[in-house]
Amino acid sequence: MQVKIFFLDDEPDLCEIFLDEFSSEVIQVSAFTDPKVAIAEVFSCPPDVIFIDYRLPNTTGDLVANNLPPHIPKYLVTGDSLVSAPKGFEAVLAKPIDMEKIWNIIKGLQMKKKSA
Amino acid sequence: MSTNSNKKSEATMDDVLALISDLKVGSFSKQLNQTPDPKLKDLVYSRNDVTKILAAQTAQAEIDITERKNAEKEKETILKRLNYALDASGDGIWDWTPADGQTVYSKAWIEMIGHEVGELACLASEWSDRLHPDDIEWVFAAINKVTQTPQNGDTLSHEYRFKNKAGDYLWILNKVKVVERNEKGEASRVVGTHTDITERKASEKLLSEIEERVRRSNQLLESSQAIARVGGWELDLTAEKLYWTAETYRIHETSPEEFNPTVDAGLDYFLPESKRQISEALELAMTKGVGYDLYLETYTTKGRKINVRTTCAVTLVDEKPTKLTGIFQDITELTRLQDENRFILDGLGIGLWKFNPVDQSLFWDQSMYQLFDIKESDFSGHYQAWERTLTPESKAKAIEELGQAMRGEKEFDTVFEINTNTRGNRFISGRGKVIRDKNGNPTIMYGMNTDVTMARIQELQVIALKNQLELISDNMPGPVSQVDRHGRYIYVSKMYFEYFGKTPEQILGKTHRELLSSNVFLQAEPNIKRALSGERVHHEMPLVTAGGKKLFVQINMIPFLGQDGKPDGFITVVHDITALKEAEAKLIHRSKLASLGEMSAGIAHEINNPLAIIDGSASLLLKFANDPEKLNSKVQSIRMAVTRISKIVSGLKKFSGSGEKTVYTNQSISGLLNDILTLIEVKSGRENVAIKLETKTNAQIFCNSIEIEQVLINLISNAIDAVKSLPEKWVNVATHDDGKSVVLRVTDSGTGIPKNIREKLFDPFFTTKPTGEGTGLGLSISKGILDEHKASISVLANSPNTCFEIRFNKVEVANAS
């Protein structure tokens with residue numbers, strides 16, 4: 001069963017790394033640099049999890065999250081060490097991103113889907 | 001003869017000499033029983049004479065004997081009388097025979113010169129040897145004149161000095177009579193008397209001296225009268241005649257030849273009011289015998305108006321006035337001077353007084369009544385009138401000082417306080433001079449008083465002010481000093497010793513050049529000159545105190561102006577700002593840390609992003625080991641991320657510069673802006689504020705680049721903060737060269753800064769940011785840095801948007817290499 005992952009970050013290089021790291025037959029990765037596009041896509045094709053950067057052009061990750069359906073798990077990714085997990089987020093993931101943590105999250109989702 | 005015998009003690013010398021000359025020699029010798037034998041032979045009739053008489057007058061012998069006896073009896077009587085006369089006169093008699101110099105001296109003569117009978121020889125030398133050396137010549141000449149020829153008469157009277165036994169000179173009145181002459185006319189017998197006139201001579205001398213004094217006094221009086229313009233007058237009421245002295249004529253500008261003084265004529269010259277007064281006074285004097293002393297105005301015969309003083313004393317006979325006498329004094333000049341003095345004294349508020357210590361009477365002039373606020377009618381004219389005015393605080397001292405002046409211990413020169421009726425307490429300065437009689441007793445005291453209340457109050461205020469100033473100066477944290485317009489120290493506070501190790505005595509009166517070492521003086525001289533020219537000078541400098549303590553001081557030189565409006569020296573206040581400087585350094589550091597902390601979150605984000613790229617790309621390198629295109633893409637991503645990080649770190653290094661290095665170099669303003677752009681963009685990117693850079697000049701400024709970058713970051717960062725929550729967010733950084741200065745303007749999309757805030761913008765700790773977001777030191781520190789660079793910072797008041805402008809001095813082309 002395929003897991004659908006969204007990644008929102010204004011750094012194109014990080015988006016590409018995310019795609020390169022996690023895209024596979026069982027993991028569908030979509031990366032966005034524009035929050036508006038990402039939000040629209042969430043509603044048209046909801047993901048299993050969404051990783052959102054905190055500092056985004058003209059907005060912040062927590063504001064974006066407020067506009068998303070609450071049932072979709074959300075992780076805040078930030079290079080800003082002072083940012084703590086706002087309400088609605090599962091956790092905060094610090095940059096540089098510990099890929100193992102994301103792999104664990106994805107594995108957890110896969111397990112959840114299998115058991116469902 | 002009989003008449004002579006009756007006079008006895010009143011016998012004059014002339015009488016005595018007449019008697020002697022009439023006597024037969026033998027009888028005289030017999031009477032002068034002390035006369036020694038040798039003289040007898042001359043005093044006895046010769047044998048031949050007796051024989052002739054006996055031979056010629058034998059028949060008459062009995063008769064002769066009888067007559068002789070009668071004659072001798074008569075002679076005895078005469079001689080007895082003579083002795084009485086001589087005893088009464090106390091005069092000495094001598095009888096001299098010039099031919100052989102034999103001289104007989106009477107007992108009185110011998111005793112007059114202090115000898116006993118029998119001590120002297122019967123020689124003329126006993127007399128001549130006693131003559132005063134100065135008198136010998138003329139006395140002999142005088143005697144010779146009458147003894148050598150009868151033409152000059154037989155008598156002589158003269159006075160000369162004559163030595164007694166004790167060696168003292170007596171004054172002698174010598175009366176000489178030639179009683180016998182020889183055929184040649186020369187004196188063969190001379191008799192005389194000696195009278196001791198020493199006492200009379202002394203009296204005469206004294207009298208002569210007195211007469212001389214009187215003569216001189218009269219001369220002085222006459223000349224004084226002329227000088228003092230004092231004349232005299234006398235009105236004989238019986239003869240109805242008026243007499244004037246010469247000076248009285250002179251005062252009237254006339255002479256006895258021109259003017260015949262009468263009472264009516266004299267009165268006509270007086271001015272009407274004066275005429276009335278003098279007429280009344282004269283009437284009283286002539287009828288009642290009352291004298292007067294008047295000060296009047298009159299005309300001279302030449303029509304000149306003069307002031308005169310005229311007095312009158314009345315001589316009464318049987319209680320009726322018979323004569324008026326008085327003085328007539330021209331006091332025109334005196335009156336003018338008195339008027340002038342009065343005018344001056346009144347103007348100066350000087351009161352004059354006269355105190356008589358004998359009867360304790362006190363005289364005050366008009367100014368004194370004003371000074372003491374007492375009505376003339378209430379003034380008793382007694383010493384106590386003054387004493388009563390004294391305040392209890394002043395009384396004892398003032399009275400004691402008056403007493404000291406009276407006793408001659410010190411001059412009367414004091415200040416005392418008095419109670420007045422309407423003007424409260426006043427301070428009065430009193431000075432006086434004591435006049436004494438020949439025994440040194442005070443007879444009168446003249447003095448003057450002035451009201452010195454204002455001066456006294458000012459003096460007290462000055463003293464209080466001076467004490468306050470000294471208290472303040474001495475308790476200032478640093479030394480305070482004052483120099484005059486020549487740069488000489490005229491005041492130093494106590495702290496000077498602590499700082500410079502010199503006492504006020506070592507400093508006062510000296511100049512900076514004398515006190516400072518030549519090196520220090522050369523550094524200080526420009527500032528001293530500026531301050532002496534009237535410019536306020538502030539500068540900071542390190543200083544090592546006399547005790548070796550290292551300080552950082554701020555020196556403030558505050559010039560002051562003299563009464564002529566010219567700089568009159570300056571006051572120097574030295575502030576120890578060591579602690580302030582240390583605190584400032586800490587604050588600057590803390591402020592930097594705060595700014596750094598504020599930015600660190602954003603910076604971390606910016607660094608962590610490229611780090612995430614590096615980390616992510618690196619972890620994919622193995623995965624794409626066989627995919628060269630992907631591999632290359634990842635390597636490029638890594639390189640770009642590293643570049644981004646190094647730029648940020650480079651900016652941070654500059655920002656965190658310690659600032660202790662004050663290395664000044666020529667820098668292009670656009671270069672400095674480029675250096676900080678990355679850091680600025682971190683912030684502006686985060687806040688979505690558009691940064692626009694417009695550099696229209698490559699001009700260089702001479703600066704410490706680290707410090708100027710701090711200023712620029714602070715200014716732009718503030719602008720970003722100011723607009724980040726506005727709908728329109730932009731910051732425009734523009735530079736241009738206006739020919740003189742390099743101008744940098746940071747304009748943001750805000751609508752300007754209100755005036756009340758604009759005034760405080762550069763004050764330390766002033767901030768408009770929410771609590772915890774700003775230290776309030778950024779602009780203050782920036783201004784401090786720019787001041788040190790001789791650059792200015794201001795807010796443009798007329799700009800539609802908020803605009804800060806910095807003006808740097810442009811580096812001259814020659815130096816801008």
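Every read-out reported here was derived from the displayed coordinates using simple, explicitly stated rules and does not represent laboratory data. All figures in this text were calculated on a predicted structure; none of them were measured in a lab. All Cβ positions, glycine included, derive from the backbone under ideal geometry; neighbour counts span all protein chains shown.
The table below lists the values:
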{"item": "Candidate lysines - alpha carbon under 30 Å from B:LYS502, same-chain residues fewer than 8 apart omitted", "result": "B:LYS466, B:LYS494, B:LYS510, B:LYS529, B:LYS549, B:LYS550, B:LYS581"}
{"item": "Shielding by partners, peptide B:613-620 (average Cβ within 10 angstrom, other chains)", "result": "6"}
{"item": "Peptide A:5-17, shielding by other chains (average Cβ, 10 Å cutoff)", "result": "4"}
{"item": "Nearest-0.05 FRET efficiency for B:LYS760 and B:SER646, computed from C-beta distance (R0 41 Å)", "result": "0.55"}
{"item": "Cβ-placed point charges (K, R +1; D, E -1), dipole of the protein assembly as shown about Cα centre in debye, nearest 20", "result": "3100 debye"}
{"item": "Rounded to whole Hz, the Karplus (6.51, -1.76, 1.60) HN-Hα couplings of the range B:746-755, x for glycine and proline", "result": "10, 10, 10, 6, x, 9, x, 10, x, 4"}
{"item": "Assigned charges on the beta-carbon of Lys, Arg, Asp, Glu; chain A dipole about Cα centre (debye)", "result": "640 debye"}
{"item": "Residue-count net charge about B:LYS466 - beta-carbon cut-off 13 Å; Lys, Arg +1, Asp, Glu -1", "result": "-3"}
{"item": "Charge tally in the Cβ shell below 12 Å around B:MET476, where Lys, Arg are +1 and Asp, Glu are -1, B:MET476 excluded", "result": "-3"}
{"item": "Extended-chain gain in nm, criterion 0.36 nm per residue less alpha-carbon gap, B:THR301 and B:GLU159", "result": "45.4 nm"}
{"item": "Average beta carbon contacts from partner chains per residue of A:49-55, 10 Å cutoff", "result": "2"}
{"item": "GluC sites (Glu not before Pro) lying in DSSP loop within the range B:219-284, provided at most 12 other Cβ fall within 10 Å", "result": "B:GLU240, B:GLU257, B:GLU258"}
{"item": "Shape call, the range B:283-406: gyration tensor on alpha carbons, a/c limit 1.5", "result": "oblate"}
{"item": "In the range B:485-563, GluC sites (Glu not before Pro) in a DSSP loop with at most 16 other beta-carbon atoms within 10 Å", "result": "B:GLU535"}
{"item": "Whether the range B:190-289 is rounded, prolate or oblate, judged on the alpha carbon gyration tensor where a/c under 1.5 counts as rounded", "result": "prolate"}
{"item": "Cross-link partners of B:LYS275 among lysines (Cα-Cα below 29 Å; sequence separation of 8 or more within a chain)", "result": "B:LYS241, B:LYS288, B:LYS302, B:LYS305, B:LYS320, B:LYS323"}
{"item": "Cα gyration tensor shape of the protein assembly as shown, rounded if a/c is under 1.5, else prolate or oblate by comparing a/b with b/c", "result": "prolate"}
{"item": "Whole-Hz ³J(HN,Hα) from phi, Karplus 6.51 cos²θ - 1.76 cosθ + 1.60, for the range B:301-313, glycine and proline x", "result": "5, 8, x, 8, 7, 9, 9, 10, 10, 10, 10, 9, 10"}
{"item": "Check: the range B:376-425 dipole with +1 on Lys, Arg Cβ and -1 on Asp, Glu Cβ, in debye", "result": "100 debye"}
{"item": "Listed peptides B:296-302, A:2-8 by packing density, highest first (mean Cβ within 10 Å)", "result": "A:2-8, B:296-302"}
{"item": "Cut-off 14 Å between beta-carbons: net charge of the residues surrounding B:LEU726, Lys and Arg +1, Asp and Glu -1", "result": "-2"}
{"item": "Sorted by Cβ neighbour density within 10 Å, fewest at the top, the residues B:MET557, B:MET406, B:MET541", "result": "B:MET541, B:MET406, B:MET557"}
{"item": "B:ARG639-B:SER725 pseudo-label distance in nm [points 7 Å out on the Cα-to-Cβ vector]", "result": "4.5 nm"}
{"item": "Whole-number percent relative contact order across the range A:12-116, with pairs defined as alpha carbons under 8 Å at least 6 apart", "result": "17 percent"}
{"item": "Across A:LYS4/B:LYS729; A:LYS74/A:LYS112; A:LYS4/B:LYS634, pairs whose alpha-carbon gap is larger than 26 Å", "result": "A:LYS4/B:LYS729"}
{"item": "Fewest-first ranking of B:TYR446, B:TYR292, using other Cβ atoms within 10 Å as the exposure measure", "result": "B:TYR446, B:TYR292"}
{"item": "Proxy reagent accessibility, fewest Cβ within 10 Å first, across B:THR77, B:THR545", "result": "B:THR77, B:THR545"}
{"item": "Modelled FRET efficiency - R0 56 Å, B:VAL544 with B:ASP738, Cβ distances, 0.05 increments", "result": "0.80"}
{"item": "Length-normalised contact order for the range B:607-740 - Cα pairs under 8 Å, 6+ apart - percent", "result": "24 percent"}
